[in-house]
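Following: one structure in structure tokens, then a few remarks.
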Protein chains: 2
Amino acid sequence: MTAPARPGGGTRLLIGNDLTEEARNGDGWVRWGVQRLLWFARDGDVVVLPVDPDPDFLRHATALTGTDCATLRVVVPPPGPPGSEPGLLTADRLAHEGFRTALRRALGGRAVRRVVALWPDVTVAELARSLEAEHALPGHAFLRQGGGLLVNSKAVFRAVAAGAGVPLPPGTVCSAPQEAEDQIDEFFRAGRPVILKHEYLSSGTGNEIVSPVAGIRPIGARRVVRLTGRPAVRAHLAAHWDRLTSGGRRRLVAEEYVPDSTAHFAEFLITERGAELAGHGEMVSAPLATAEIIPSPGLTPAQRTRLVDGGRALCGPLKAMGYRGRLSADAIATPDGRILFTEYNGRVTGSTPIYGVIGEQVVGPDYARERVLLETVWPDGWHISSFRDAERRIEAAGLAYDRTTRTGVMLISAFDPRRRAVMYCVVAESLPAAREQQRRLGDVFSTRPAAPAAARHT
Amino acid sequence: MTAPARPGGGTRLLIGNDLTEEARNGDGWVRWGVQRLLWFARDGDVVVLPVDPDPDFLRHATALTGTDCATLRVVVPPPGPPGSEPGLLTADRLAHEGFRTALRRALGGRAVRRVVALWPDVTVAELARSLEAEHALPGHAFLRQGGGLLVNSKAVFRAVAAGAGVPLPPGTVCSAPQEAEDQIDEFFRAGRPVILKHEYLSSGTGNEIVSPVAGIRPIGARRVVRLTGRPAVRAHLAAHWDRLTSGGRRRLVAEEYVPDSTAHFAEFLITERGAELAGHGEMVSAPLATAEIIPSPGLTPAQRTRLVDGGRALCGPLKAMGYRGRLSADAIATPDGRILFTEYNGRVTGSTPIYGVIGEQVVGPDYARERVLLETVWPDGWHISSFRDAERRIEAAGLAYDRTTRTGVMLISAFDPRRRAVMYCVVAESLPAAREQQRRLGDVFSTRPAAPAAARHT
């Protein structure tokens, strides 16, 4: 229970926050998703979370990272008002006097050497200021003035990317339904589908595809809506504008949807010294994000270079604006081989702990050359009763991650009791080997369907 | 009526547009204000305006700039829907087929060599695209994706300025009333007034000051509201949030208001090569913008250096983001000598034609060393019946601008028949000499009030 001295003195403060707006999806995932923060915990850290951490996940993750749980101090502020999402560290919760007292007690007189937050929110900058730890939060001045919104807006992204000469799908940023109608109509007259993106919602949850033709398979969007003619487009926008733009408070991106593309990310760390490539991978959606493969397997070397060069070109303006931290540049590889950038995310993404901790730290610095990481959401139809249940059955099947072979399965998220699900990551020597492990997991967790269940699934 | 060949071939396309949102002030000024575009007209230009230009102002301005009116082609699109502001070049007006035909006729087969728009709107980028003249609009890619909003937002400004290390008044950017309440309360507890700024409205029309103490004189804001205690702040925000944020669609800046400061601008031209200082001056408000003095008279050399250095530091990120064009950096000089930046404006401002055409071109390249330009709105109580009336009486009084002495008065805007007003600019050898000319103008235009009029004014 001692707090060991850190190099350079002081301690780290980790904050498991998320954009308020994100959580409006209302599926309750945020309270489990933000616990990915625990992958970053090192001995002596003070950890702020919106909910008590899942103790099984905390034990599982720190056993893999070698962090001594007993040296961590976890502080959870009192909940927000009744009805509010418990998974969010809102401004009022972070400002709560009881929380501030508990936080000072957890710090125990140690200075804050570094603030690590999942989301670069103004509330994090405020908290750092209240602890006289502005210096410990890279890009503090920018974040304190709401800059975090700029490095996570799909609307700002398109302007900055276009300005930096980064290739984009054709399209535009719309403040009004008429602008969207004009843009959609232009694409429709060429027979092309259009993806509509809310400025902030992530993981495809704010996206939908509208198409003048049938047979479009949605990838990275909730659905495809077929519309014929300008009046139908106008009616669709009139009916859905409020939802697509949070009641007109946000802008809407309307861009050409290129079917059968694959999706990739290149993530950078922006510091005073510049932008350094931190990791890259492929994102698999069906239709929404279901898996990631790190490193990205499906690109030619020339495409990978274009992905990394484009991502780096995006970092330049963001660094000039004052942002410091992670930047994930997302792009599609189209069937005809183009690399077109689709958004950026200036935050600790879902990928960051995969490549940055599970890859770099647990598997080892050569992870991207020697291994493939396949991170997957828990499939419907795989049945578990708890985190511990999943962990035990993986161990019993001999599929758990093995430090000697540097292959096997890790559970990488807290348990979601509503969906009875947990995210997992397979480490293998190749993608086919990872798929084989995944198949064996399926054997463990798929209940052989009895007749009524089979009927239900067909 | 011939269109002379331009150096490099092709012609220039000038667009007298303004931000749609600006015009919601509803005072009708926009339809006169945008005619400042005519100062930039050169032989052979094609000029797009929302209304027919004031012929007297067109003649007056082009006589001073030496532009041959007969070589200009002015194109005015059909008006928007009934009830819309006639002074705005909205997307539908610029897309109107009849307008596009008239524009092509005015171009008469000449290529567009350069597009000059007052406001860097996405509609201008669209128009350039429709003319296959993207190359003629600097920063086209950035503007086409709505980048113009980013370089004119007071909220984005604060993040970018803080990130660039440019000094700001303490304060923050608020998305919700609670955030504003917290920030105001913090200032109020220190006895300090706060200026609230709508993200986009300009010339102080979107600003108001709230103060915990009496006796604050509003400069650069519509009014001062005295509020005592947090409940009063909360009630004020609840009552006015919609107006202050355009119904929650825009963000609100809340920053410390430093009484008795003076206001200054440094305007730059951002090109591929970098940022070049273009002009600077002092802005006089009482309470809203009434005059500008170019060059800025009230700063020490050290303060002027800080103004220019800070403005240049703002240009770096904007250039990196892809913006090309004018950037005015506005700052206050506080009574204790600090220079604190308050907003930026990425557009052709009201100052641009003053220093860039009236100064540089009409007075001469040495204007800032040898002369003072005093630009003023028409005072209440100065009576004129028309532009021509004002022009004639200035001439008759021997006060008109004289090319030999390089001193005298120019009328610099179209006539506003509603207010019976026109803006004017005095050129003089010194600020006291300019004030003396102004006093003599007052003698010409002030009607000695008869008894009933006097009663009306007290």
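None of the figures in this text is laboratory data; all of them are computed from the coordinates on show. Here the structure is a predicted model, which means the values were calculated and not measured. Because the Cβ atoms are built from the backbone with ideal geometry, glycine has one as well, and the counts that use them run over all protein chains shown.
Points worth noting:
- Rel. contact order, % - alpha carbon contacts under 8 angstrom, at least six apart, the stretch B:262-445: 18 percent
- Pairwise inverse Cα distances across the stretch A:217-334, averaged and inverted, put the Kirkwood hydrodynamic radius at 16.6 Å.
- Gyration tensor (alpha-carbon) shape descriptor, the stretch B:170-256, a/c threshold 1.5: oblate
- Debye log10 I(q)/I(0) at q = 0.15, 0.17, 0.27 Å⁻¹ for the stretch A:349-431, Cα point scatterers: -0.53, -0.68, -1.36
- Couplings 3J(HN,Hα) of the stretch B:98-109, computed from phi: x, 5, 4, 5, 4, 5, 4, 5, 5, 5, x, x Hz, in residue order, whole Hz [Karplus 6.51 cos²θ - 1.76 cosθ + 1.60, θ = phi - 60°; x for Gly and Pro].
- Extension gain, A:Asp402-A:Asp68: 0.36 nm per intervening residue step, less the Cα-Cα distance, totals 118.3 nm.
- Shielding by other protein chains, A:235-244, mean Cβ within 10 Å: 0
- Dipole axis of the stretch B:170-256 (+1 Lys, Arg; -1 Asp, Glu on Cβ), positive-most option in B:Ala232, B:Ala221, B:Ala176: B:Ala221
- Starting from the label point of B:Pro301 at 7 Å along Cα→Cβ, the same points in the other copies fall at 5.9 nm, in ascending order.
- Converting the Cα gyration tensor eigenvalues of the protein assembly as shown into ellipsoid dimensions via √(5λ) gives semi-axes, longest first, of 55, 32, 23 Å.
- Helix-only CD estimate at 222 nm, as mean residue ellipticity for chain A, using -39500 (n - 2.57) per DSSP H run (n ≥ 4): -9000 deg cm²/dmol
- Trypsin sites (Lys or Arg not before Pro) restricted to DSSP loop in the stretch B:133-227 with at most 16 other C-beta within 10 Å: B:Arg222, B:Arg223
- Neighbour net charge for A:Val156 - beta-carbon separation under 12 angstrom, K R +1, D E -1: +2
- Within the shell defined by Cβ-Cβ distances under 15 Å, the residues around B:Ile384 carry a net charge of -2, with Lys and Arg each +1 and Asp and Glu each -1.
- Diffusion constant of the stretch B:11-148 at 37 °C, which comes from Stokes-Einstein with the Kirkwood Cα-pair radius and 0.692 mPa s, µm²/s: 217 µm²/s
- Lysine pair number, Cα distance threshold 19 Å (strictly under), the protein assembly as shown, separation 8 or more or different chains: 5
- Inter-chain Cβ neighbour average for residues B:309-322, partner chain, 10 Å: 4
- Prolate/oblate/rounded call for the stretch B:125-221, Cα gyration tensor, a/c under 1.5 rounded: prolate
- For chain B, the fraction of alpha-carbon pairs in successive 20 Å shells from zero, as %: 24, 57, 19, 0
- Once both labels are positioned 7 Å from their Cα atoms along Cα-to-Cβ, the gap between A:Thr300 and B:Glu429 label points is 7.4 nm.
- Counting only other chain Cβ atoms within 10 Å of each residue's Cβ, the peptide A:168-176 averages 3.
- Unit charges at the beta carbon, dipole of the stretch B:11-148: most positive-side option, B:Thr11, B:Thr67, B:Gly28: B:Thr11
- Cα gyration tensor shape for the stretch B:262-445, rounded if a/c is under 1.5, else prolate or oblate: prolate
- Net charge of the neighbourhood of B:Gly322, taken over other residues with C-beta under 14 Å away and scored Lys/Arg +1, Asp/Glu -1, is +2.
- The mean sequence separation of alpha-carbon pairs under 8 Å and at least six residues apart, normalised by the residue count of chain B, gives a relative contact order of 14 percent.
- Charged-residue dipole, Cβ positions (Lys, Arg, Asp, Glu), the protein assembly as shown about Cα centre, Debye nearest 20: 200 debye
- Extension gain, A:Glu186 to A:Arg369, is 61.4 nm, computed as 0.36 nm per intervening residue step minus the present C-alpha separation.
- Euclidean distance of C-alpha centroids, the stretch B:238-269 and the stretch A:318-372, integer Å: 37 Å
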